[in-house]
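Reviewing the structure listed below.
Every number here is computed from the coordinates shown, using simple stated rules; none is lab data. Just so you know, these numbers come straight off a predicted model, no measurement behind them. When we count neighbours, we look across all protein chains shown, and the Cβ atoms used for this are built from the backbone with ideal geometry, even at glycine.
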Amino acid sequence: MLLRTAVFLGVAAAAGLVTSGGEGLPGTPAPGSGPGAGPGPNPAAGAPGALSRGLPEKAYRLRPMTAEAPARPPAAKPAVRTRPIEALPAEAGTASAMVLTFDDGPDPRYTPGILDVLARYGVRAMFFVCGEMADENRDLLRRMAAEGHVIGNHTWTHPLIPKLSRPALVSEIGRTSDVVRQAVGEAPVWFRAPYGAWNRAAFEIGAELGMEPLAWTVDSLDWTEPGTTAIVSRILKGAAPGVVVLSHDAGGDRSQSVRAIESYLPQLLARGYRMTLPVLPAARMR
Ligand SMILES: [Zn+2]
């Protein structure tokens, strides 16, 4: 890891701010409004209009990376993106698919409750864990993996990435991948920036460590503790094909988040939605 990091630091030096649109820190302007945060090159952006019900126009669609990277061996690292993936691709099999994601854990007070509900309905989800939480709750990481969920990397201490030095960011991300690999045998292949605050360094380091960047489509805003009913309502209103839902299983009192999934998950399933997991672009090429 150290050697790999040192080599990588020597290769990549630039660090321009390339935040994702829409989701900002509480009380700060939305990222995307600052200098250098324009649309920029976006070679993998999806065609407008396709399967866009319920999705914002700017929604960034996951597509095979054939346009920017020809066939690669399976072990190749992901291409360095300029924006995170925000939704499932519009293609056969995803017409009624959604993805549930839970960030900031694991927390022994709330994560088991969410896992219990997911198990009750036979649904798999993604957990973007913070290293400092994961390190103390490896049993929960193992339960996630054993029950078929995907564990993603959400940094070690949940910092605002654009404020970090590159070595600090390498440590935040690398240590977290190490803990997950030690606990479940495999390092994460998905990465999510805290607060949705991405920059070039985050994309580069994530790709170097074999991860694709995943943002979200619908923010449940459960971290504001708006009440269980409000969380349920926001998710049901945001439900649409390809949507990636953001919720939290840690970072505060998440009892509302646990009660909410007991309500919205059966309702989504009753409406015909299928909870799924995203497929890595490299795997979709094969
Ligand atoms: Zn977070």
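Descriptive notes on the structure:
- Residues (within 20 Å of THR101 (Cα to Cα), more than 16 Å from the ligand (Cβ to nearest atom) and in contact with a helix residue (DSSP H, G or I) (Cβ under 6 Å, 6 or more places away or on another chain)) located in region 184-208: VAL184, ALA187
- Note on region 109-133: among residues that are in contact (Cβ under 8 Å) with a residue 60 or more places away in the chain, assigned to a loop (DSSP other than H, G, I, E, B) and away from the ligand (no atom under 16 Å from the Cβ), the one that is nearest to PHE191 (Cα to Cα) is ARG124.
- Condition check for ALA230: more than 16 Å from the ligand (Cβ to nearest atom), more than 14 Å from the chain's Cα centre (by Cα) and closer than 18 Å to PRO78 by Cα: no
- For region 146-183, the set of residues classified as small (Gly, Ala, Ser) and either within 16 Å of the ligand (Cβ to nearest atom) or touching a residue at least 40 places away in the same chain (Cβ under 8 Å) (or both) consists of GLY152, GLY174, ALA183, listed by residue number.
- Of all residues making up region 242-272, the number that are surrounded by 18 or more Cβ atoms within 10 Å (Cβ to Cβ), farther than 30 Å from ALA76 by Cα and of a type outside the set (D, E, K, R): 12
- When ALA207, ALA202 are screened for being surrounded by fewer than 24 Cβ atoms within 10 Å (Cβ to Cβ) and either charged (D, E, K, R) or not in a loop (DSSP other than H, G, I, E, B) (or both), only ALA207 passes.
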